[in-house]
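The structure under discussion appears below in the form of C-alpha cells.
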Amino acid sequence: MLTGHKVGLRARHDEDFPILRAELYNDVVNGSRSQVAPWRPVSPDSKDSELFVHDKEEGRVPFSVVDLEDGALIGIANLWGIDNHNRSAHIGLGLLPAARGKGFGTDVVAVLCHYGFVVRGMQRLQIETLSDNDAMLRSAERNGFVREGVLRSSAWVLGEFMDEVLLGLLARDWRPTALTSADA
Ligand SMILES: CC(C)(COP(=O)(O)OP(=O)(O)OC[C@H]1O[C@@H](n2cnc3c(N)ncnc32)[C@H](O)[C@@H]1OP(=O)(O)O)[C@@H](O)C(=O)NCCC(=O)NCCS
C-alpha cells in the first residue's frame, strides 16, 4: 500500500464495489461532473465500468483510497493515460461524499504524485477539472500543480457546456508535501 499522512492507496477489493457503486458511480451529478462519458447506471454485476480493475491494462492504474486511521474506504484514485514514451500521465480522484472537505483529497494528490514521479518515473503529471471545482483546483495547487490553460466549453455537464482547467506538474518542480512511503 502507498501511504501519505492521512490516506492509503491500495488495490481494489471485492467489498469496495457496492460502496463505490452506490456512493460514487450511481450518483448522477458526481458521475456527470467527473467523467468524460455520459452518466449511465452501473448494474451490480457489470464489468463494464471504471470501477473494475483489468490487470493487463497498462495505461491505467486504479487504487481504492482508505483512511489510515481506521482503514475505512473513502474513495478512488487513478493514474491514467500513462504514456511511457513521453513519460506523462493524468491523475484523477473521487471521494465518498462524507469524506470530502477534510484534507483527504490534498493528501491523495500527494500520494499519486509520489506514485507517478517516484515509482513510475513520469516527468509530467496532468489534471483536468471543471473550472468551478474549487476543492480539486486547491488540492492540485497545494501539491504544486500550475494552471496551464482553460479548455473553453469543453465539457457537457447536465444541460450546459462548462470550461475545464488544465493543470500540470513537472517532476523537476515537484516538492513532496507528504511523507509518502510504500509498504509491502
Ligand atoms: C475534489 C476532491 C477530490 C477534493 O478533495 P477534498 O478532500 O474534498 O479536498 P480537501 O479537503 O483536501 O481541500 C482542498 C482545498 O479545497 C478547499 N475546499 C474543500 N472543499 C471545498 C469546497 N466545497 N469549496 C471550496 N473549497 C473547498 C479546502 O479548504 C482546501 O483549501 P486549502 O488548501 O486552501 O485549505 C473531493 O472534494 C471530491 O471527491 N469531490 C467530488 C469528485 C470530484 O470532483 N473529483 C474530481 C474530478 S476532476
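Restricting region 1-24 to residues that are part of a helix (DSSP H, G or I) and under 14 Å from the mean Cα position of the chain (by Cα), the residue that is farthest from V157 (Cα to Cα) is L20.
Condition first: assigned to a strand (DSSP E or B), closer than 22 Å to N84 by Cα and within 12 Å of the ligand (Cβ to nearest atom). Now tell me which residues in region 110-144 satisfy that. Passing the criteria: Q126, I127, E128. Counting the residues of region 161-183 that are loosely packed, with under 12 Cβ neighbours inside 10 Å and modelled with pLDDT under 95 gives 4.
Applying the criterion of being farther than 18 Å from M1 by Cα and in contact with a strand residue (DSSP E or B) (Cβ under 9 Å, 6 or more places away or on another chain) to the residues of region 81-91, the residue that is surrounded by the most Cβ atoms within 10 Å (Cβ to Cβ) is A89.
Among residues of region 108-137 that are more than 30 Å from F161 (Cα to Cα) and free of Cβ contacts under 8 Å to residues at least 60 places away in the same chain, those with a beta-carbon under 7 Å from a residue that is crowded, with 17+ Cβ neighbours inside 10 Å and among the β-branched types (V, I, T) at least six positions away or on a different chain give the pairs G116/I91. Checked against (1) modelled with pLDDT under 95; (2) within 13 Å of the ligand (Cβ to nearest atom), A77 meets all criteria but (1).
The values are calculated or read from the model by the stated rules, or taken from the named source; none is laboratory data. Please read all numbers here as calculations on a predicted model, not as lab measurements. In this analysis, Cβ positions are derived from the backbone assuming ideal geometry, glycine residues included, and neighbour counts consider all displayed protein chains.
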